[in-house]
1. Please verify whether Thr294 is over 20 Å from Arg238 (Cβ atoms), more than 15 Å from the chain's Cα centre (by Cα) and surrounded by 23 or more Cβ atoms within 10 Å (Cβ to Cβ), treating the condition exactly as stated.
2. Quick check on Trp360: is it surrounded by fewer than 20 Cβ atoms within 10 Å (Cβ to Cβ), at pLDDT below 95 and not hydroxyl-bearing (Ser, Thr, Tyr)?
3. Search region 329-348 for residues being part of a helix (DSSP H, G or I) and of a type in the set (S, T, N, Q), and hand back the single one that is farthest from Leu208 (Cα to Cα).
4. Where residues in region 197-215 are buried (at least 19 other Cβ atoms within 10 Å of the Cβ) and in a loop (DSSP other than H, G, I, E, B), which of them is farthest from the chain's Cα centre (by Cα)?
5. Could you tell me whether any residue of region 289-297 is at positive phi and part of a loop (DSSP other than H, G, I, E, B)?
6. How do the pairs read when you match residues in region 258-284 that are assigned by TED's automatic domain parsing to the domain that holds Val231 and under 26 Å from Arg325 (Cα atoms) with residues anywhere that are of a type outside the set (A, V, I, L, M, F, W, C) and assigned to a strand (DSSP E or B), using Cβ under 9 Å and keeping only pairs 6 or more apart or on different chains?
7. Working only within region 233-260, note down all residues that are more than 14 Å from Val216 (Cα to Cα) and outside any helix (DSSP H, G or I).
Amino acid sequence: MPRHVPSSLCDASSPGTPHLPPDPRRIVFLAHRDLDNPSAGGSELLVDQLADGLTRIGHQVTLLCGGPASLRDYRVVSAGGTYAHFLRARSAFARQVGDCDLLVEVCNGMPYFAAMWHHGPTLCLVNHVHTDLWRMRLSGPLAPAARIGRSLEQWALTGVRQQNLIVAVSPSTAHALHAIGVQRDRIRVVHNGVEEPGPRTELSPEPLFVAVGRLVEYKRIDLLLRLWERVRPVTGGRLLIVGDGPERERLEQLAGPGVEFTGHVSEVEKHRLLCAAWLLVHPSAVEGWGLVVTEAAARETPAVAFDVPGLRDSVVDGETGVLARGESSFAAAWCTLALSAHRRKLMGKAARDRAACYSWHRTVRQFGAVAAEAVRGWAP
């Protein structure tokens with residue numbers, strides 16, 4: 001039986017769940033990676049859930065991506081390598097796809113400029129705007145490249161076929177899009193969903209704190225490791241870093257006592273760890289939504305995060321977790337919740353109830369309604 005969800009916990013800005021049009025449409029997603037790519041993350045999971053869900057209700061879906069292409073219930077086509085596919089996307093589309101009723105460009109920083117070469121309805125899906133991330137990822141001698149990347153992203157989102165709709169995954173992303181010049185009436189918000197996790201497994205008897213995500217700069221695991229040195233003498237226990245990425249070797253060298261790196265884990269193991277955790281600690285500098293926050297919430301695990309775009313949407317401060325305004329307040333919230341089982345339990349139940357507002361089924365239906373609107377509103 002579905003749980004009752006208090007209306008105050010659900011995001012009032014979420015769109016409804018209208019039915020999709022009955023006629024099958026040929027939909028192509030143009031994205032950086034397939035879900036099986038070693039560098040895949042929340043964006044790839046979202047695209048997979050959308051493509052799979054749309055396929056199940058009768059649409060013909062193709063994913064055109066860079067890197068390896070996996071076998072799925074929908075068609076997956078590789079347009080080339082990690083970087084080469086940006087240049088080959090147009091020719092790969094013409095050669096291996098041919099035509100479609102809707103092209104969905106997943107814009108994660110570097111754009112494909114699909115609206116310039118696809119002469120048909122085009123929809124842009126944006127997880128987050130990379131305004132500050134360009135500087136974080138490309139600094140020093142690469143700073144000029146960061147400025148170019150930032151300019152290209154902004155121009156692709158604001159200056160190409162301005163009648164096309166843009167899907168944002170959170171109000172924070174919608175706000176960031178408007179801040180760089182996207183008209184509000186072009187933006188539609190479609191939230192990520194979360195799988196029903198199944199029966200809970202055991203809570204760890206000792207303090208256990210978990211961070212989950214790809215080990216890249218903007219996730220700020222190095223900051224988390226510094227804060228752990230302040231928290232550990234108060235709470236004891238262990239800090240698990242779940243995930244892998246280019247930063248792992250450096251981070252392992254920074255890690256002190258009580259820190260363990262698990263690397264990639266299976267979904268079964270991730271479920272067990274999120275159930276066992278006393279808290280999810282998420283120090284990221286920015287997120288589109290923060291999918292792992294909702295995954296933890298569905299398992300009654302509250303989160304401590306920073307008050308930054310995306311996470312201020314997925315965490316209800318003081319109810320489903322805590323949003324810190326600085327490093328000291330993050331450490332203080334971490335310690336306070338670790339020492340208060342009663343408060344953690346209340347927040348965990350509130351987090352679970354809010355997570356029940358978000359399902360992948362609902363996400364697919366909301367996205368399908370926007371897709372239909374994009375097709376109806378397209379003008380050559």
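The values are calculated or read from the model by the stated rules, or taken from the named source; none is laboratory data. None of these values were measured; they are calculated from a predicted model. Virtual Cβ from ideal backbone geometry, glycine too; neighbours counted across all protein chains shown.
1. The answer is no for Thr294.
2. no
3. Once the filter is applied, the top-ranked residue is Ser329.
4. Result: Pro207.
5. For region 289-297, residues at positive phi and part of a loop (DSSP other than H, G, I, E, B): present.
6. Gly258/Arg238; Val259/Arg238; Leu279/Gly321; Leu280/Gly321; His282/Gly321
7. Those that are more than 14 Å from Val216 (Cα to Cα) and outside any helix (DSSP H, G or I): Gly236, Gly237, Arg238, Leu239, Leu240, Ala255, Gly256, Pro257, Gly258, Val259, Glu260.
Yes/no matrix, rows are residues, columns are (1) closer than 25 Å to Val126 by Cα; (2) of a type in the set (Val, Ile, Thr):
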site	(1), (2)
His271	no, no
Val281	yes, yes
Glu287	yes, no
Ala298	yes, no
Ala305	yes, no
Leu311	yes, no
Gly318	no, no
Gly326	no, no
Phe330	no, no
